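This report concerns only the one structure given below.
The values are calculated or read from the model by the stated rules, or taken from the named source; none is laboratory data. Just so it is clear, the model here is predicted, and its values are computed rather than measured. A quick note on method: Cβ atoms are made from the backbone with ideal geometry, for glycine too, and the neighbour counts reach across all protein chains shown. Please note that ligands, DNA and RNA were not included when accessible areas were found on the heavy atoms of the full protein model with its side chains. Shrake-Rupley method; radii C 1.70, N 1.55, O 1.52, S 1.80 Å.
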Amino acid sequence: MKKKYWIILAVILLALAVIPIPTGVYEDGGTRVYQALTYKIVDWNRIYTDGGNGIYHKTRVYLIPHCWQPLDSLWEREEESMEHTLRGTVTELHGENVTVSANDPAHTGDFTFSAEALEPLDIQPGSHVMVTYVGSAAETAPKQITAVRWSFDRDSRPASFDGGWMEETPVEEGSDRLPADVVITEIYSNCFFAQPVIPLPYTIKINGVLPDNWCIGDQVKVTYKNQRYNAEIQRAEADLVTIGPSDFELEPGVAYKPVIYLYPEQETEVAVNLKLDGQLTCTYPAYRDGWNVTAQPDGTLTDESGMTYNYLYWEGETDTQYDFSKGFCVPGEETAAFLEKALSQLGLSRREANEFIVYWLPLMQDNPYNIIAFQEDCYRDSAKLVVSPEPDTLIRVFMAWKPSEQQISMEPQDLAAPRRNGFTVVEWGGTMVPIP
């Protein structure tokens, strides 16, 4: 009989060791705890404000000896591995050490961190950044954090834009009607910036509060008042009157926004000639039997009048028959990730790829699928580029694409690019191909 009691006791102890028993729901947001002798399950649903989104939700298993620690101690362990997002303005740069002044509601004060292990960015004092860090901020001044990722912050709604943009000059003749259809590129509390959907080489600063339902990359239709435009600095400015959804669609067959970057090893006089099998519809700076500019190693271009540019811009119409024998069929919501990988393989720098994606993504991401083929011989034959002095490295990326209601099977392209060496010339552009 005594042996039977021992067996029953052993079964009970074994059950207690392996079967978790609910111990209650906490008022911290709804965290649930299930306790066994050898482990504890915590279904975290905890409200917190330190850079988070309001609720921390994860399910964790804690083994001996941590399973007998109080919930607050386990929460401290969670905080050490938790990721937070800080949005702010760079105030100081000392080598790899960066100081950021917070401008989001979840943070206050200044924060400092090392950017040595982060992706290189062309950060300057005044740049708006979004920093992902782990753990809690040290109680120092400024507060020290461990940053794991960062990027430029194009949505800085808590911060106002106080920088200079345009001189107070009269509206230039013929520019009293800025394009209605634009794509939002940056947002502040008192204004936002946009690029025309029809490719034009300038940026518009639109004064006024952007409603919360609009985000970076949205294509919108706006009306303005007090419009101003300055061709020399490629900038426009106006006050917002109305904003709504845009139904603008690209015209099939037009080569939109091909841009040409020049990166010599030292300051160099460069002549660029484009022989297009078709008609140029827009160029900037003006194409007069070619472009003649002075190019700097960082890509800055200066024309004969002293005007500076980031790149040479052109748009044109051709009857080119694009090659879709190989390519990719990409779900619309996966277009950004696809382009990031593909453009890197094709040799574009992060800045060049970013400019490509910011332009094309809003026109592609809402389609069920996008059929994409990067053009080689047919594009180079229809848009011949002659550069003098001859570049050591030439990278030309031209994307032909068309929307599709259904997924199709395609033989994938092999994507590769020459390694950048010496005087490098880079071009990117694209076109939407008519659907048969």
Checklist entry - When you go through (1) open to solvent by 80 Å² or more (accessible area, probe 1.4 Å); (2) in contact with a strand residue (DSSP E or B) (Cβ under 8 Å, 6 or more places away or on another chain); (3) at pLDDT 80 or above; (4) part of a helix (DSSP H, G or I) one by one for Asp72, which number turns out not to apply? => result (2)
Item to check | Tally of residues being at positive phi, modelled with pLDDT of 80 or more and surrounded by 15 or more Cβ atoms within 10 Å (Cβ to Cβ) across segment 192-251 | outcome: 1
Next on the checklist: I'd like to know if segment 96-106 contains one or more residues that are among the charged types (D, E, K, R), open to solvent by 70 Å² or more (accessible area, probe 1.4 Å) and under 27 Å from Ser156 (Cα atoms).
Outcome noted: yes
Checklist entry - In segment 19-43, how many are open to solvent by 80 Å² or more (accessible area, probe 1.4 Å), over 30 Å from Tyr133 (Cβ atoms) and either outside any strand (DSSP E or B) or at pLDDT below 70 (or both)? => result 1
Next on the checklist: Checking Gly332 against (1) in contact with an Asp or Glu (Cβ under 9 Å, 6 or more places away or on another chain); (2) under 24 Å from Leu274 (Cβ atoms); (3) not basic (Lys, Arg), only one condition comes out false. Which one?
Outcome noted: (2)
Next on the checklist: Cβ contacts < 6 Å: first residue under 17 Å from Pro264 (Cβ atoms), restricted to segment 411-422; second residue polar (S, T, N, Q), any location; separation 6+ or different chain. Result?
Outcome noted: Pro418/Thr393; Arg420/Thr393; Asn421/Thr393
Checklist outcome for this item: Checked segment 273-326 for anything at positive phi and without any contact (Cβ under 8 Å) to a residue 24 or more places away in the chain; matches are Asp289, Gly290, Gly306
Checklist outcome for this item: Sole miss for Arg46 among (1) modelled with pLDDT of 80 or more; (2) open to solvent by 30 Å² or more (accessible area, probe 1.4 Å) is condition (1)
Checklist entry - Of the numbered conditions (1) part of a loop (DSSP other than H, G, I, E, B); (2) within 26 Å of Glu390 (Cα to Cα); (3) of a type outside the set (Val, Ile, Thr); (4) within 30 Å of the chain's Cα centre (by Cα), Tyr322 satisfies every one except a single condition; which is it? => result (2)
Checklist outcome for this item: Those residues of segment 124-143 that are out of contact with any Leu (no Cβ under 7 Å at 6 or more places or on another chain), modelled with pLDDT under 90 and part of a loop (DSSP other than H, G, I, E, B) come to a total of 10
Item to check | Filter pass, Leu312 being modelled with pLDDT under 95, under 16 Å from Pro403 (Cα atoms) and open to solvent by less than 50 Å² (accessible area, probe 1.4 Å) | outcome: no
